[in-house]
1. Residues of the stretch 52-107: accessible area per residue at 1.4 Å, in Å²?
2. Please find the FRET efficiency linking D61 to T249, where r is the Cβ-Cβ separation and R0 is fixed at 25 Å, and quote it to the nearest 0.05.
3. Which FRET efficiency value, to the nearest 0.05, is calculated for K17 and I100 with the Förster distance at 30 angstrom and r the Cβ-Cβ distance?
4. Sorted by packing (mean other beta-carbon atoms within 10 Å per residue), highest first, where do 63-73, 258-268 land?
5. Label the stretch 1-96 by shape, choosing from rounded, prolate and oblate, from the square roots a ≥ b ≥ c of the eigenvalues of the Cα gyration tensor; if a/c is under 1.5 it is rounded, and otherwise prolate applies when a/b is larger than b/c, oblate when it is not.
6. Please compute the alpha carbon radius of gyration of the stretch 46-127, then divide it by the globular-protein estimate 2.2 N^0.38 Å. Two decimals is fine.
7. Could you pull out the pairs from K224/K360; K10/K248; K86/K261 whose alpha carbons sit more than 21 Å apart here?
8. Is the shape of the stretch 1-52 rounded, prolate or oblate, going by the alpha carbon gyration tensor and its root eigenvalues a ≥ b ≥ c, with a/c under 1.5 for rounded and a/b larger than b/c for prolate?
Amino acid sequence: MGTVLDYLKKYGDCSFKEMPMTEVDSLALCQLSYLKFDGMVPGLRDDRPSVELRSLVDHPDFEQLFADTRYEKVNRELFNNMLAGKRFGSLKLNCYVNIIVQKWETQFSAVTFILDDGTVYVAYRGTDESIVGWKEDFNMAFLSPVPGQEMSVDYLNTAASRIRGSFYVGGHSKGGNLAVYSAMNCRREVLERIVKIFSMDGPGFRPEVLEKCRFDLIADRVVKILPHSSLVGMLFESNMNFQVVESKTFGLLQHDPYTWKVEDTHLVRADALYERRKQMDNTLNEWILSLDEQQLRIFVDTLFQVISASKADNLIDFTAEWRRSMNGIVAALKDIDEETAGILKKIVKSLFVIASTNRKKEAASRKEATLNRLAARQKPAKQNRTKPSARKA
């Protein structure tokens, strides 16, 4: 039992004409979209031909691809394993976009891959290490659409107008949310060309967004996959229409797709989400939906005001300079005005109230289930005790 990297070694010489798209291929392409293709791949509105993945090896900025130090080693292995076989060896790239706009609190990136059988995979990048990228994730709690979601719709419509063929759309983390959102809101003629939509541990949507955007039109084409201890993918996940897979690690580290277990051509299925994790996710969702827009804005804005006080532009610097970051955070907390601090205390208190209520409900449910099991065991026991006296008679 291996990972996506082992899959590429084993099936790298099977072309897409010989073996159609699998969920593991989707995972590989979603992770490939995290590479920094700036200046190497034609932009969304450039009238330039696609470039082959292998051609990037000779590009003077080749090392820039692996600028994300968190996954540098495994991303290099992913890239090399893709080039080693004919399945991805002739992969072409086009329509690359990478936008970070601080004032809009937006981080958006996407790239389009053309496979050897002519099909197309539109991949939306998930949250990168930038602070503004994580702020946009939190904004999804109360804004719809966020700028990144609007950009995803324009991206899909524009890419589809430039490139012919059937489409797969997908992404990991926030990218999964953008994949589903763009498919729900793209032009009808584009929607008809979409084969499947992959959301790899991507957050869901508030119920009113699903209804407004007619999720029902694409529901049968959405493949949502979560690791068995998911947090990100369970945000606003209300219809429970997802598949759970096993990971080689524990807790929130399971968000890393390189830890997901692969067997042959598929991800290894788990029975269900961990029960404790599911309870925590349900409590978090219930809490978010219980707050009004103003409360959510205050909570998220204050949280990132405090984080920004660390003077770090990205999470790598934030964690690398931990002592300096904490000094900035402590100072920022002292500067929060009394009114905002009072509101924050009420907001956080409401989370604990909901969590406490849910724990009591869960305890009552377990107690009732235990009593029912005991009652079921006692019933046949009583019946057995009457049999000897019946034989004596």
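1. Accessible area per residue: 51 Å².
2. 0.15
3. 0.20
4. Descending packing order for the listed peptides: 258-268, 63-73.
5. The shape class here is oblate.
6. 1.19
7. The answer is K224/K360; K86/K261.
8. Details: a/c = 2.88, a/b = 1.85, b/c = 1.56.
Prolate is the answer for the stretch 1-52, as a/c is 1.5 or above and a/b outweighs b/c.
The values are calculated or read from the model by the stated rules, or taken from the named source; none is laboratory data. All values reported here derive from a predicted model rather than from experimental measurement. Here Cβ is always computed from backbone atoms with ideal geometry, including for glycine, and neighbour counts include all displayed protein chains. Surface areas here come from the heavy atoms of the whole protein model, side chains and all, with no ligands, DNA or RNA. Shrake-Rupley method; radii C 1.70, N 1.55, O 1.52, S 1.80 Å.
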